[in-house]
1. How many of the residues in the range 387-435 are among the aliphatic types (A, V, I, L, M), open to solvent by 30 Å² or more (accessible area, probe 1.4 Å) and modelled with pLDDT under 80?
2. Taking the residues in the range 444-496 that are assigned to a helix (DSSP H, G or I) and among the polar types (S, T, N, Q) as candidates, determine which candidate is most open to solvent (accessible area, probe 1.4 Å).
3. Any idea which of GLU595, GLU645 is open to solvent by 20 Å² or more (accessible area, probe 1.4 Å), part of a helix (DSSP H, G or I) and either of a type in the set (Asp, Glu) or modelled with pLDDT of 90 or more (or both)?
4. Sort through MET128, MET75 and tell me the only one that's over 22 Å from the mean Cα position of the chain (by Cα), surrounded by 13 or more Cβ atoms within 10 Å (Cβ to Cβ) and either among the charged types (D, E, K, R) or at pLDDT 80 or above (or both).
5. Which residues, counting only those in the range 608-630, are open to solvent by 30 Å² or more (accessible area, probe 1.4 Å), farther than 13 Å from LEU641 by Cα and not in a loop (DSSP other than H, G, I, E, B)?
6. Name the single residue that is nearest to GLU177 (Cα to Cα) among those in the range 272-292 being at pLDDT below 90 and crowded, with 21+ Cβ neighbours inside 10 Å.
Amino acid sequence: MEIIRCPHCDVRIIPKNDGECPACGYQMLLVPDDEATADTPMTDPPTGEEPATSEDLPPLDLEPVELEPLASPAMALVPAFGWLVSLFAAQTVAAVMIVPLVLAIGGFQLSQRYVVMIAALVVADLVMLTLSLINLKPDPPRQLSLRPINPFHLLLVVLLTVPTWFVCQAVGNRVAEVIDRAFPAAEPVQAAATPDGLPALPLGYTSYLDELFEALGDQPWYLGFVVICLLPGVCEELFFRGFLGRGLLARYGPVGGIAATSLLFGLFHIDPIQVSYTIVLGIVLHCVYLWSRSLWGPMILHILFNSTSLLACKLQYNGIYYFGGPDEVVQVPFYLTAASCLAIVAIAIVMKQTKVVFQSADRDQTEWNPGYCTTVTPPESFAGVATQENAGRKAIVAACVACVIFGWALYYPAADWLNPQTASAHVNRGQRHVEQQEFEEAVIDFSQAIDADPTLAEAYRSRAEAYRVLGHYQASLDDTTKAIELDPTQAMFYADRGEALRMLERREEALRDCDRAVELDPELPWAYVIRGGIHSDNGDSPAAITDYRKAIQLDSSNAWAYYGLGYELANDLDAPPRVLKEALWSVETACELSEWSDPDMIAALAMLHAESNRIDQAIEYMKMAIKRAPLGMKGEYRAMLEDLERQQLADRLD
C-alpha cells in the first residue's frame, strides 16, 4: 500500500488494513479512485522478477477522508482549579473518617496533634494517587510516561537538587520578610482548632508542616522519609505533573501550561511562604518532566528536595549542625542564591539540549507529534524510538563551571554551618535541651555560646530563661539585663526581665519593664502574659484579666494566657456559674495547648473540676499531674490527691 501522510500527526506512514495510523491511532477511511477498486486482487510478480516497490508502482491516489480527531486532554485553568478544590474536599472527608480510627489505635510516640497531622498528610497523598489513576485510564503508564529515565538526565536531576533547595529557601525568606513588613502584627498562619482539639483543616499544611518537620526530627529516619519525602514525591507528581499538567500543557502550551500547573501546585500548600517557593520548585520539576519525557525525573527530584529539608531539620534538631540564626531560618547569602540560580540555568540548558524526542523509524525520522504539547509516551503502534541529541561542548563546559562556582559559594556559609563550635550552634543545641526540659545542659550550651560570641544577645536571653526555670532568678535577671544592654530594641528582653523581677518580688520594676515591652511592641503576647501575672500578684484581678484576654487575642495558641485567665476567673468566689465554666474551659485549653505536659496546669484543672463537684474527674487529673510532676513536686500533689479522695469518700457516705 502507498506511503501517505497521516492528516492528524503529519507523519509518513503505511496505514493498517483498517485505516488506523500506526503512529497516533487516528482512523482514516481510505477511498480508492475510480480506476482502482478495493476488489482488485494483489498478484505475485512473475518468477525471476524483483518485487515491485512503491517507487515502481503508480500511486493508488488514495483519498483520506477525515473523521473526528482524537480527543485532546486539554484542560482550562478553571476546571483545573476545580480539581484542586475537589482534592481538598476529598482529603477533608477522608481525613475526618480515618483520623479518629488512627487515634483509637493509640500507642504512638508522637503527641496526638502530630499523629493527626501525619495521618492527614498520608490521606492527602493517597487521595491524590487515587484521583490521578482514575483520570488517566485506560493506560496510566503511557499517559504518565513512566518510562526509565536516561542516566545522563538522572545525573542532571541529582545536580539540580541542592541549588534548587537553596533558591527556594531564599525565595521563602524574602516573602517572609515582605509579609512581616506588611503585617507586623501577624502571627504565623495556624489552622483553627475544633472543640476536640483536632485541626479544622486536616491537611495540616501552613505552619503545622514546619512543626511536623521538627517533630519528625526526633523520630526514626524512615518515618520522616515515608511521610515527608516518598509519598509526597510520588503522589503529588502523579496529580500535578501527571494529571493536571498533562491537560494544562495541551491547552496552553509549554510556557503557559508549566506556569499554570506550578501555580496550582503552590496554592495546594496554602501557607504564603510555602506557596512562593513551591511555585519555583514546580517550574523546575515540570521542565525536568518535559525534557526527560519520564515522570521518574520530577519524582526523584521531588523526593531528593524534601529529603534535603528533612536532613537539614534532623541535623539541626539533634544539634549536629546549624543552618540559621536563633529564629531557625536557613540564612542564604545573596552570593549563594546567585550561584544557585546560575547552576540551575546552566544545568537546564544542558537538559534542554539533550531532551528526549520520539522519532519514526522511516527514512524521514519524523518527530512524533499528536498535535498538542505533551509529555506522554507514543502508543505501541508508533514505529519509532526515543532519541536525544548530544549537548553542545560550550553548554557542558558552562554547566561544569557553574557547578564549581556553586560549590565555591556554598563552602563559606557551610564552614559555619558544619562547625559545631560556633555560637549559633551552641544556642541551637541549648534550645533543643530546653525543649527536652534538660535545663542544666541548656545552661552549659548557652554559656559556651557566650564564650564563643560575648556580643550575642540571644544567648544571654536564652540562658536567662533556663536559669528562671531552674529557680536561679538573680542569674536570670543578670542575663536579661546584659541582653538589653547589647540590644535595647528587643521588647522580648524587657518582658523576660520583668518575669525575673517578678520572681524576685520586685513588682514595680517588673511592671515598668513590661510596660516598656508593650511600648516597643504592642503586639507581643508574652509581655501581656507577664504583666497579667504581676497584676494578679498585686491583687488587681480586672487588670490581670484584661491583659490575659489581650494576649489570647494576639496569640490564640498561648497556653499561659489561657491558664492565667482561668486562674483569675476561678479566684472570683462570687462569680456566677458561667464564669466558673469559662475558667474551666480556659485551663483545659491551656492543658491541650501545652500537650498535657505542665503539672501545674493539670493540677489547676483538677481543682476546678472539684469546685464543680466532679470529684472523679478531679482525681483522674490530679493523678496525671503527679505523673507529669518532677520528683520535688510530687509530694505536694499527692497531698492534694489525698484531700480529693477524702472528699470523694465523704460524698459517697452522704
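The values are calculated or read from the model by the stated rules, or taken from the named source; none is laboratory data. It should be emphasised that the depicted structure is a prediction, and the values quoted were computed from it without experimental measurement. Positions of Cβ are backbone-derived with ideal geometry, glycine not excepted, and every protein chain shown enters the neighbour counts. Heavy atoms of the whole protein, side chains included, go into the accessibility calculation; ligands, DNA and RNA do not. Shrake-Rupley method; radii C 1.70, N 1.55, O 1.52, S 1.80 Å.
1. Qualifying residue count, the range 387-435: 2.
2. Of the range 444-496, the ones assigned to a helix (DSSP H, G or I) are 444-452, 457-470, 473-486, 491-496.
This time we only want the ones that are among the polar types (S, T, N, Q), so: 447-448, 462, 474, 476, 480-481.
Details: SER447: 30, GLN448: 77, SER462: 5, GLN474: 93, SER476: 0, THR480: 2, THR481: 41 Å².
The selected residue is GLN474.
3. Details: GLU595 fails: part of a helix (DSSP H, G or I).
Criteria check complete, one pass: GLU645.
4. Working: MET128 fails: over 22 Å from the mean Cα position of the chain (by Cα).
The unique qualifying residue is MET75.
5. The first filter runs over the range 608-630 and keeps only residues open to solvent by 30 Å² or more (accessible area, probe 1.4 Å), leaving 611-614, 616-617, 620-621, 623-624, 627-628, 630.
Now restrict to residues that are farther than 13 Å from LEU641 by Cα: 611-614, 628, 630.
Residues satisfying the conditions are GLU611, ARG628.
6. ILE273
The rows are residues; the columns are (1) touching a strand residue (DSSP E or B) at 6+ places or on another chain (Cβ under 6 Å); (2) modelled with pLDDT of 90 or more; (3) more than 19 Å from ALA89 (Cα to Cα).
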residue	(1), (2), (3)
ASP139	no, no, yes
VAL158	no, yes, yes
THR164	no, yes, yes
CYS168	no, yes, yes
GLU177	no, no, yes
GLU187	no, no, yes
ALA191	yes, no, no
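Let's see how each residue does on (1) closer than 28 Å to ASP445 by Cβ; (2) under 37 Å from the mean Cα position of the chain (by Cα); (3) not hydrophobic (A, V, I, L, M, F, W, C):
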{"position": "ALA466", "(1), (2), (3)": "yes, yes, no"}
{"position": "GLY471", "(1), (2), (3)": "yes, no, yes"}
{"position": "THR481", "(1), (2), (3)": "yes, no, yes"}
{"position": "LEU504", "(1), (2), (3)": "yes, no, no"}
{"position": "LEU511", "(1), (2), (3)": "no, no, no"}
{"position": "ALA517", "(1), (2), (3)": "yes, yes, no"}
{"position": "ARG531", "(1), (2), (3)": "no, yes, yes"}
{"position": "ILE534", "(1), (2), (3)": "no, no, no"}
{"position": "GLY539", "(1), (2), (3)": "no, no, yes"}
